[in-house]
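Taking it in order: structure first as structure tokens, then the write-up.
The values are calculated or read from the model by the stated rules, or taken from the named source; none is laboratory data. All of these numbers come straight from a predicted model, not from anything done at the bench. Here the Cβ positions follow ideal geometry from the backbone for every residue, glycine too, while neighbour counts run over all protein chains shown.
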């Protein structure tokens, strides 16, 4: 899974017991070594001082993504992000990339469901120059018309390619059925019919609407001084005038319902996906449902891996996924199998979803699942790049970087009864999509 579509999960061979990060009071009352500053125009700046490595990571996030789109402009946020790094009023795309290379780092831009990001890394001695480059990209994009056409054609090819990949085709079909007109229904790439209509004028309008101070969060992690970062951020971004922050698309997903669809997609395997709605980032059921997902498909000790792959030999690949979303999330159970085994494998996968609803997990399963879940989170937060991403994404989500401390405590408090209740609440009604090769 790429960094850009990361769901905060890693497959670890051994269970790792997570250690809570130290809680150090800072000048503004934040926990950890993170300082939070709000500029006069409404932009938020977060800084984590980490002197242990001579590198710095920057994440500039904007409240812009699929959650702010409709079917008429699906994919506009990601399209815009690809454009901002392809030229500014003073630098072309090659010059932007070369500048980042000279600093020993990189710069990129993309959109996801709940945010859009300009991530950058550099050697710490160049942190100021890299922050200047991030500001140049964010505040002065040129969005040239000729490049716009080329990037749109590139995105349309990517959408066509997804339709020819078994997992992607099945996943997109499941999300469309699960979310309906809710903007989580489509991939950040967007929809073919909407992308074909997009032009430079639409991109510029989207940029002006979303790149406003109150919708922007700058997070910096590395060998830096907080006061110096804030002062430079004020100089670079402080002159941006305050403006209203756009509201997301509030279309609710349809009520959960069952259903089964079969797609014919080229490939050697059959992909079986089952899923439905799951708790949002702030739902009290989040921690328990994350444990449910981990018991089922979180690594080598999970039920999917041990039962369906090792014991029954029905799966090449198995997984259970439940990304954290600001709105209603989703649960996904995945099994890749030989086409000849697809009927038996589908029955076995459904049986695992039913079993966790009717039988309480064992004490050992609960212990291992919690260790895997929290260990994966701790391992993922080791780098400055991931620290910057977590700080910015949680701030954009409205829960603050302190959310992870609360989340870890909630996971540790989950009981066997909590797991069974969450499974009954969210797994009783799931949809199925099967992608199989032509007979």
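The listed residues are 216, 274, 289, and the only one of them that is modelled with pLDDT of 95 or more, in contact with a strand residue (DSSP E or B) (Cβ under 6 Å, 6 or more places away or on another chain) and outside the structural domain of residue 400 (by TED's automatic domain parsing) turns out to be 216. Looking only at region 118-134, filter to residues that are assigned to a helix (DSSP H, G or I) and in contact with a strand residue (DSSP E or B) (Cβ under 7 Å, 6 or more places away or on another chain); which one of those is surrounded by the fewest Cβ atoms within 10 Å (Cβ to Cβ)? Per the stated criteria, the residue is 124. Considering only region 375-439, give the helices (runs of 4 or more DSSP H) lying wholly within it that have at least 1 residues that are surrounded by fewer than 16 Cβ atoms within 10 Å (Cβ to Cβ), modelled with pLDDT of 95 or more and not assigned by TED's automatic domain parsing to the domain that holds residue 59. The helices (runs of 4 or more DSSP H) meeting that bar are 403-413, 416-427. Surrounded by 15 or more Cβ atoms within 10 Å (Cβ to Cβ), in contact (Cβ under 8 Å) with a residue 12 or more places away in the chain, more than 26 Å from the chain's Cα centre (by Cα) and under 30 Å from residue 149 (Cβ atoms), is that true of residue 189? In short, no.
Of the residues examined, residue 352 is not one that is assigned to a helix (DSSP H, G or I) and closer than 28 Å to residue 115 by Cβ.
Residues that are surrounded by fewer than 20 Cβ atoms within 10 Å (Cβ to Cβ) and in contact with a helix residue (DSSP H, G or I) (Cβ under 8 Å, 6 or more places away or on another chain) within region 208-227 comprise just one, 223.
For region 61-93, the tally of residues that are farther than 19 Å from residue 245 by Cα and in contact with a strand residue (DSSP E or B) (Cβ under 9 Å, 6 or more places away or on another chain) stands at 11. Of the residues examined, residue 296 is one that is within 21 Å of residue 414 (Cβ to Cβ), touching a helix residue (DSSP H, G or I) at 6+ places or on another chain (Cβ under 9 Å) and modelled with pLDDT of 95 or more. When residue 359 is tested against the conditions (1) at pLDDT 95 or above; (2) within 28 Å of the chain's Cα centre (by Cα), the lone failure is (2).
Among the residues of region 191-199, some residue qualifies, meaning at least one is in a helix (DSSP H, G or I), farther than 30 Å from residue 49 by Cβ and touching a helix residue (DSSP H, G or I) at 6+ places or on another chain (Cβ under 7 Å).
To keep it simple, each residue is scored yes or no on (1) outside the structural domain of residue 159 (by TED's automatic domain parsing); (2) over 26 Å from the mean Cα position of the chain (by Cα); (3) without any contact (Cβ under 8 Å) to a residue 60 or more places away in the chain.
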{"residue": "41", "(1), (2), (3)": "no, yes, no"}
{"residue": "48", "(1), (2), (3)": "no, no, no"}
{"residue": "55", "(1), (2), (3)": "no, no, no"}
{"residue": "68", "(1), (2), (3)": "no, no, no"}
{"residue": "82", "(1), (2), (3)": "no, no, no"}
{"residue": "86", "(1), (2), (3)": "no, no, no"}
{"residue": "91", "(1), (2), (3)": "no, yes, yes"}
{"residue": "109", "(1), (2), (3)": "no, no, yes"}
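Table: residues versus (1) surrounded by 22 or more Cβ atoms within 10 Å (Cβ to Cβ); (2) out of contact with any helix residue (DSSP H, G or I) (no Cβ under 7 Å at 6 or more places or on another chain).
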residue	(1), (2)
42	no, no
51	no, yes
56	yes, no
59	yes, no
65	yes, no
72	no, no
76	yes, no
87	no, no
